[in-house]
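Down below is the structure, laid out as structure tokens.
Readers should treat all values here as calculations from the given coordinates under stated rules, not as data from a laboratory. The model shown is predicted, which means the values in this text are computed figures rather than measured ones. Cβ: placed from backbone, ideal geometry, glycine included. Neighbour counts: every protein chain shown.
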Amino acid sequence: MLQKITYAGTAGRSFAEASATLHHLADLTVDPKQVERVTERIGAERVAERDAQAAAFQALPLVEKFRTPPGQAAPDLAVVMADGGRLQILERSPAAGAPPPAEPQPAAAAADPGWDEEPPAAGHWREDKVALLLTMKRDVAAADPCPDIPAGFLDVVRIPKLARQLKKNVRATQDAVADSDEPEAAAEALREPAYEPPEVLTRQVVASRGRWPAFAPLVAAAAWALAFQGAARRAFVGDGSANNWALQRRFFGSFVPVLDFIHALSYVFAAATAGRKFAEGWACYREWISWVWQGQVRLVIAALSQRQAELGQPEKDEAETSPRLVVSKTLTYLENHQDKMKYDAYRKDGLPITSSLMESAVKQINQRVKGSEKFWSEAGSEAVLQLRADQLSDGEPLADFWQRRQATATGQRRYRRPA
């Protein structure tokens, strides 16, 4: 009964929907509020387990954190991705004299200036964090298996739409329920005979409302348990977020850093078309993105530097759409990440070059927790995020949890018979 209620409360879009599902499919009459209480209680138990595992990992000697755990076989290709989502937090007013509830800190960590934390918000929208741990399959090639950029990335209809979706500057409240189609568009662009991305073998999802210093050890502990540090090939794929690369440097330093090609594309498109007629800008984009695909980002940086000299440097308080500012931002972005843009070498080594799988995972998380009329408490959001991550993971972590819980509940306690 608890398993059915918890599954429905996590898989559906709301507790009310879960209640209706239980009634129609399982002949169970469970009030939505009861579904909520059961789901959050079970989720809190999973959070406690997860935090204990992270604490045990943190207690390991440093050298052990970067070794394969005893008895665990390391995969051939291990990939880590991370990103952030959105949800609304609304804590009820505390009783008189009671302190306000604090944000969850799953793996208690002090404030760390090395992380770019989200500033306090006046409204209800907050950031949740999601990571994807993948084992993948792709052989190493003697040369770049796809030196020419796939036609999908030169599609004059698809690419402007894709770039606008990634570059649009909207507030979280405006983006409450409309998620980008970017993951699907990116996957479609790569679904061509010319290039085959690595095949996904297994995936595990990690999600939390904790701050980045607390979230990072959760990801590291999960990766360590999967023997990712012992993999023959290791990659960390992310967008330009500073927190992604802080996570990579601190816990996945031996992983090859790969900047998501789709995000690089959006910057290149914006700069190529800034201040130009579309036909001229499109021709420039085709040339520049082909260079990026071939791992020759230095040529794009040189062309951008020349373009910046033509336009001049942006002034203070320049409009976001100003060609000078658009070119300046793209130039800075590519210069900062050019060491993560060796796409020809990554394809040769069988590594992924996009984070579209990560974006899709965030979208799946959002389907449960994000909405203009969905409000969570901190504890409730953490519980449901954990359960949703479990549902989206391979290996049936929830099935294992229910077995452990049942063994504890039935008390495998042996009593000695009196002599």
Cut-off is 10 Å between beta-carbons; in what order do I353, I149 appear when sorted fewest neighbours first? I149, I353
Extension gain from D31 to K4, taking 0.36 nm per residue of separation minus the Cα-Cα distance: 8.4 nm
Only sites in a loop by DSSP and with at most 13 other Cβ atoms within 10 Å count here; which GluC sites (Glu not before Pro) in region 214-320 make the cut? E315, E320
Using the basic label-point model (7 angstrom from Cα toward the beta carbon), what is the E49 to V156 distance in nanometres? 5.6
Which value, in debye to the nearest 20, gives the size of the charge dipole of the chain about its Cα centre, when Lys and Arg are +1 and Asp and Glu are -1 at the Cβ? 1020
Quick one: helix 2-11 against the long Cα principal axis of the chain, what's the angle to the nearest 10°, folded into 0 to 90? 20
Within the chain, the percent of DSSP beta bridges that are antiparallel, given to the nearest 5, stands at 70
Cut-off under 19 Å on the C-alpha distance; same-chain residues fewer than 8 positions from K374 excluded. Which aspartates and glutamates are left, in chain and number order? E17, D31, E36, E40, E91, E103, E127, D128, D175, D179, E382
Residues of type lysines that K161 reaches as a straight line, Cα spacing below 18 Å, ignoring anything fewer than 8 places off in the same chain: K277
Straight distance only, please: which aspartates and glutamates reach the Cα of K137 with their own Cα at less than 15 Å, same-chain residues fewer than 8 apart left out? D76, E196, E199, D349
Quick one: angle between helix 212-225 and the longest Cα principal axis of the chain, in degrees between 0 and 90, rounded to 10, please. 80
Rounding to the nearest 10 and keeping the result within 0 to 90°, find how far the Cα-based axis of helix 297-311 lies from the longest principal axis of the chain. 60
Over 18 Å between Cα atoms, which of K4/K363; K4/K33; K129/K363; K129/K370 qualify? K4/K363
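Please sort by residue number the chymotrypsin sites (Phe, Trp or Tyr not before Pro) in region 338-394 whose DSSP state is loop and whose Cβ has at most 15 other Cβ atoms within 10 Å.
Listed in order of number, the matching sites are F375.
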